[in-house]
Structure formats: structure tokens, C-alpha cells
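Single-structure report; data block below.
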2 protein chains.
Amino acid sequence: MSQPAARIVLASRPQGEPTPENFRLERFDAPEAGKGQVLLKTIYLSLDPYMRGRMDDRESYAPPVPVGGVMDGEVVAEVLESNLPGYATGDLVLAGLGWQTHGVSDGEGLRKVDPALGPISTALGVLGMPGFTAYTGLRMIGKPKAGETLVVAAASGPVGSMVGQLAKHAGLRAVGIAGGPEKCAYVRNELRFDAVVDHRDPDFPKRLAEACPNGIDIDFELVGGEVWQAVLPLLNRFARVPVCGLVAHYNGGGAAEVDRLPATLGRILARSLTLRGFIVYEFADLLPDFLSEVAPLVKSGEVRYREDVVDGFEKAPEAFIGMLRGGNFGKLIVRVAPEPTA
Amino acid sequence: MSQPAARIVLASRPQGEPTPENFRLERFDAPEAGKGQVLLKTIYLSLDPYMRGRMDDRESYAPPVPVGGVMDGEVVAEVLESNLPGYATGDLVLAGLGWQTHGVSDGEGLRKVDPALGPISTALGVLGMPGFTAYTGLRMIGKPKAGETLVVAAASGPVGSMVGQLAKHAGLRAVGIAGGPEKCAYVRNELRFDAVVDHRDPDFPKRLAEACPNGIDIDFELVGGEVWQAVLPLLNRFARVPVCGLVAHYNGGGAAEVDRLPATLGRILARSLTLRGFIVYEFADLLPDFLSEVAPLVKSGEVRYREDVVDGFEKAPEAFIGMLRGGNFGKLIVRVAPEPTA
């Protein structure tokens, strides 16, 4: 018996900030699971900044979503029907289903979610792609050493909060950058960073310098724009900059009236800096390390996290647009269906 | 008996391109070698692009030359008097004496030049700092793999020519960038790069793309400016960019009408690029490796080099100014005094 289902497709490509008109909700009948397939029902849909890049018709690390195509994204889902060995009805899985309430998978990119590790929504956040991004970028590119200073912006968000907490765990001075007093208080008091600076402060560059009396050894770059301008002069010799997001640039922003490239290149040369872009999939083989190291820290409360759960599948576009403006607080997740009761 | 000597000091800081008025030749009596010192007589003075940076009152990897101070630089010199154990009158040494015909050294940074390795002037070029810069940047940051494509600009110069020849030796496709037909012919025919592109060609970016049908895996960056703009879109995923010079920016140039930083940061992210600034001194412990690996290649003729020798100490400023305009051809060296006859 077919299930009534819905999906959100890219209706048109955004010019700058996405608007609701760039998305379209479509209703359809969910297919049945074919041979070697599972039929999945989405419980949680993850909304992440990288999705903005997929909306542009521009070469990036992944192909763009075609106009009319389902928006990319990861979900936690329940298996409704299974013709795929290893998966049974009722299993909870992580899947790259996109913005859909239902869909089938042939097992590619599918992974079981272990509810013993924590609430299943964490598979999209603190124990999922954002947390793993923080872990791999810090370990493989940041190469943290006790006593060094690390800076991360979007520090109340899912990647930034993990970066700073892991840095503290490794004995570094963790300095967060966040927007507004509420987020700053959370970073300082709940996440227990050593210092936090509000990027909306008119004296932001000065405040950041004060928060980093020994300069910056690692800048985990998620934002670009004015954050990068403030960080650049503070970077110590041999500083490492894992570049994993450029939120300030995603809607076509981040450009100045003058050419800022010579200053950045000049500093790379003068300070022997390392800038290294990365996508978490490069380090996929570290996933077992990540889960075994970090899940216990989350369970014990040493690593804290916050989720921003929006109810209702049709709210996804609005929530996503707000996130790009910095309007959410914590890992943004859409609850598409209630969690199954055990 | 004191020796009549001369030095060239920084008379004033340049605005943009240096002019002859930024330099002043001073005559003085050479000091005698004090306790633990040697008195040196310069034979060859090396002129290198990095010296332009030292003329600015701006923080870089080395402190600026003070106004009135002797211009920085390396020389090959003869020991005239020695009160320093291990050095004898007549020894040939490499010393950081600056732009001086004579000077004393307490041994810091002093190194004997072995005439058996090659002509003693090569200690300033192919077997000196420029060659060693090419060797270390390529090995430690470029991490070349056979079959990859490497691009280097200023390919007829002392660093670029070594980078390309070492890359070829390691089985890479070496693509050079040079200015004008004479230098391009030298790079292609004498240095035997796989391809060479003239950056003065009106279709330079297109020509570079044609010369790199498989994209670029290593860009050994010495120039910045328009060269970097042409290289950027061609860089493959995981490409490495040792940044070791930015000649296009040294005289305050290299800036565009628009902000080019977002495009560079965006590409770093999208392609998982590594940009890494470096100064050769970071890798000083590789000097024995360099000399043992590369000196035989120079001797056998597999690695070729070209020197541009200017006669007369007082010509140094003019030669230096011309080099920054790309006017020289090969490693620029000033012959300050004749080589001692054996």
C-alpha cells in the first residue's frame, strides 16, 4: 500500500539570499521497496549551511542540485520495508535521502544509528556530520598542541561548539566568536570556552585581539568575511587554518570594496601559514575513532551540544533561510515525524 | 692595515618601485678581525626579490632594514684575516654580510663553500638559497607524485628553474610561466620543461589551461597577481601550493579593482586546496640532503642553470631595480671582486 509522501525541490536558483520561492513542496506516493532496497520514513531532516552551495549552478565539491531536483540532505529515518540484507523493518538509519518524508535506498551511504550512543537526533549533529567535521578538521589539519590558542566562529553552532570543546579537552585556549549576547553567554558559560567575542561588537577586531594575547595558532574557519579579516593579523607563525565553511560568502556576500587578496597572500607568506580546505568525507575512515572517542565525552556531559528542532516538514525552507542569517541557535533539525516508540 | 671598503645602505623607504635614490653608497675603512672574528672580502653579492620586502617598514618574516642600515644579503667572500677557529686566510665562505665589499663575521651563519661542488658563484644560486628553496618547498609542501602536473612562474629564474627541473626528474609534467620569447625558449629548450606559457600573451589564462590538460596538482607560487588568477581555476582537488614569493605584489602591485579574496577562499574550500607559506630556513636541516642529491645533477648537466652576472659593486641598486621589473635573465649576482686565483 503506497504511502502519501512529500518532498521539497529546488524551484529556482537563488540570487543572493534564498527566498521561499526558490523551494517547492511536492506531494507524491512513496514508492515501494524494490529488490535490494529499503523504504525509509524520515524522522529528522538535517539543515546545514553547505546546502546553500548546492543551490547554485556552480562547480563545488559536489554537483549542484538541478532545478526541479530534491534538495540534498541527510536524515535519520525508520525502515518501513526492507528487501536489503542487514536491514529490518523498524531499524533506525542515517541516509542521504534529501528533503523528503519518504524514499527508497539501495544501501549506498546508509548507516545504522545506534540509539545506545545518545538521542537519535544526535546522529545529525554532535555525533554526526557536524561533530565529525570538527573532529577531523581539528585533528588532521589543525594539529592541536596543548597551550596553543584556537579560534572558531559560529561557536554556538554544531561544528564550532565541538571544535572549541575538543580543543579545550586537548589543553588549548579556546576562543569562540558568536553573534549576540545570548549565544556568547552560552559559549562562555555552557560550552566553557576560555573566551568569547561578539562579532557584532563595533570593536570586534580589537576584542578578538584582547581575547588572544598570545596570538592564534589554529583558526578553524567556518565563516570568512569580516571574521577572517579580524583573525588574519593575529595568526602566529606556522598557524594552521582548516577551511571548512564560508558562511559569510554563501549568499554572494563577503566581498569588500578593495581587493583583500594581496593581504591574505602576503600574510600566508610572511607567517608561513597553512590554509587547507577540506570536506569531512576525505577523512571517512576516522569515523570509528570519532565515535569511540567523542560519544563517551557527550554521554558524560564533557562535550555539550544544543539542538534547534523545528516541527513540521514544510517549515524546512523557512528554517534554512533563517539559519543562513544566523537566526537559529544550535544544530538545526526538522522533526518530520515523531520518533517511533520503543 | 685597514682596507678601503664600501657599503650600500637604505637611504629612504621606497613608495612602490624602488628608485636609485632609495640607496646610498658609503665608503669606509674595513675593520680588522677582532677576537673570534674573520675579516671577509666579498667576491659575489647575491640580489634576490625578497630584499624588496626588507625595504618596507612592515612586519614580515624578517625585520625590515632600518633607514641608514646596510641592505641585507648573502655573499660569497674570501677570508682575509681569521681569529676564528676553523677558518683560515684564503678560505671561501658564504656569509650574510649584506651589500658590503668587506665586513667582519663572528661565524654566525657562516658556511664554507666547497669549490669541488661547482663554480663558487653557484653557492648563491643553483646550489644556494634559491636552489635550496626550490628543493625544500617542492619536497616538503609540494609532495610531488609522478604523473602529476606542476606549474611554476618565473620559470627562467633561479628558484623556478630548479622547481621545474626537479619536478621533471621526479616524473611530473612541468609547466613553466615566463615573460617574453627569449625566456620562454630557454625554459622549453634548455631547461626542457614539458611546456611553457608567456604571461605577456594576451590569452595567457587560456594558454595556461591548454598547457595543463589534466589540471594542476602543484603550483609553486613565486609571483601572485595575474599568475595566481590564471592558476586558481585549474587547481585540482587536493592541489598543493607552496607560497614562497609574491613578486607581483612587492612594489605595492597585485591588487585588482574587485575583491579577489572570496574567489580564492571559495576555491580553497571547494577543491580542498593547501596553501602553505614558507621560508627556506624552516627546513635548514635538509641542506645536506639537498647538496648530496642536487650537486651531482648540476655537475652532470641534468639540472641546468643560468647566471646573470653584473660587474661592479656600485651597480647593485640598478641591477636590483631591474630584476624586480623582470629585466634580468637568470640568477642575478654582482661580481664585487675577481675570484682569487688558486
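The values are calculated or read from the model by the stated rules, or taken from the named source; none is laboratory data. Given the structure is predicted, the values throughout are model-derived calculations rather than measurements. Glycine also receives a Cβ, built like all others from the backbone with ideal geometry; neighbour counts cover every protein chain displayed. Areas reflect the complete protein model, heavy atoms only, side chains present, ligands, DNA and RNA absent. Shrake-Rupley method; radii C 1.70, N 1.55, O 1.52, S 1.80 Å.
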Worksheet item: Given the structure, is A:PHE238 among the aromatic types (Phe, Trp, Tyr), in contact (Cβ under 8 Å) with a residue 12 or more places away in the chain and surrounded by fewer than 17 Cβ atoms within 10 Å (Cβ to Cβ)?
Response: yes
Item to complete: List every residue pair whose Cβ atoms lie under 9 Å apart, where the two residues are 6 or more positions apart in sequence or sit on different chains, the first residue falls within the stretch B:104-117 and is closer than 25 Å to B:SER2 by Cα, and the second residue, located anywhere, is part of a helix (DSSP H, G or I) and among the small types (Gly, Ala, Ser).
Response: B:ARG111/B:ALA123
Worksheet item: Does A:GLY131 count as of a type in the set (Gly, Ala, Ser), within 12 Å of the chain's Cα centre (by Cα) and open to solvent by less than 10 Å² (accessible area, probe 1.4 Å)?
Response: yes
Practice prompt. Being buried (at least 19 other Cβ atoms within 10 Å of the Cβ) and in a loop (DSSP other than H, G, I, E, B) is the filter here, so list the residues in the stretch A:15-28 that pass it.
Written response: A:PRO18
Worksheet item: When the stretch A:262-295 is examined, which residues are found to be part of a helix (DSSP H, G or I), buried (at least 19 other Cβ atoms within 10 Å of the Cβ), of a type in the set (Phe, Trp, Tyr) and within 12 Å of chain B (Cβ to nearest Cβ)?
Response: A:PHE283
Worksheet entry | Subset of the stretch B:154-204 [farther than 21 Å from B:GLY327 by Cα and among the hydrophobic types (A, V, I, L, M, F, W, C)] | B:LEU166, B:ALA167, B:ALA170, B:LEU172, B:ALA174, B:VAL175, B:PHE193, B:ALA195
Worksheet entry | Qualifying positions in the stretch B:246-256 - crowded, with 16+ Cβ neighbours inside 10 Å and facing another protein chain (nearest Cβ under 7 Å) | B:LEU246, B:HIS249, B:GLY254, B:ALA255
Practice prompt. Go through the residues of the stretch A:214-225 one by one and say whether even a single one is away from every other protein chain (no Cβ under 14 Å) and surrounded by fewer than 22 Cβ atoms within 10 Å (Cβ to Cβ).
Written response: yes
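Residues of the stretch B:95-119 being among the aliphatic types (A, V, I, L, M) and open to solvent by less than 10 Å² (accessible area, probe 1.4 Å), which ones? Even if it seems obvious, please write down each step before you answer.
Filtering the stretch B:95-119 down to residues among the aliphatic types (A, V, I, L, M) leaves B:95, B:97, B:104, B:110, B:113, B:116-117.
Result: B:ALA95, single match.
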Discussion item. Can you tell me which of (1) surrounded by fewer than 20 Cβ atoms within 10 Å (Cβ to Cβ); (2) away from chain A (no Cβ under 14 Å); (3) closer than 30 Å to B:ASN22 by Cα is the one B:PRO317 doesn't meet?
Written reply: (1)
Fill in: Enumeration of residues in the stretch B:302-314 that are open to solvent by less than 40 Å² (accessible area, probe 1.4 Å), outside any helix (DSSP H, G or I) and over 24 Å from B:PRO181 (Cβ atoms)
B:GLY312
Fill in: Check on B:VAL241, under 19 Å from the mean Cα position of the chain (by Cα), within 14 Å of chain A (Cβ to nearest Cβ) and not basic (Lys, Arg)
yes
Worksheet, complete the sentence: B:THR122 vs (1) touching a residue at least 40 places away in the same chain (Cβ under 8 Å); (2) more than 25 Å from B:LEU45 (Cβ to Cβ): all pass except (2)
Worksheet, complete the sentence: Of the residues in the stretch B:36-73 that are among the β-branched types (Val, Ile, Thr) and open to solvent by less than 10 Å² (accessible area, probe 1.4 Å), the one that is farthest from A:PRO262 (Cα to Cα) is B:VAL38
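Among the acidic types (Asp, Glu), within 14 Å of another protein chain (Cβ to nearest Cβ) and not in a strand (DSSP E or B), is that true of A:ASP259?
On the way: among the acidic types (Asp, Glu): yes; within 14 Å of another protein chain (Cβ to nearest Cβ): yes; not in a strand (DSSP E or B): yes.
Yes: the conditions hold for A:ASP259.
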Discussion item. One residue is enough: does the stretch B:50-68 have a residue meeting the conditions touching a helix residue (DSSP H, G or I) at 6+ places or on another chain (Cβ under 8 Å), within 14 Å of chain A (Cβ to nearest Cβ), among the acidic types (Asp, Glu) and at negative phi?
Written reply: yes
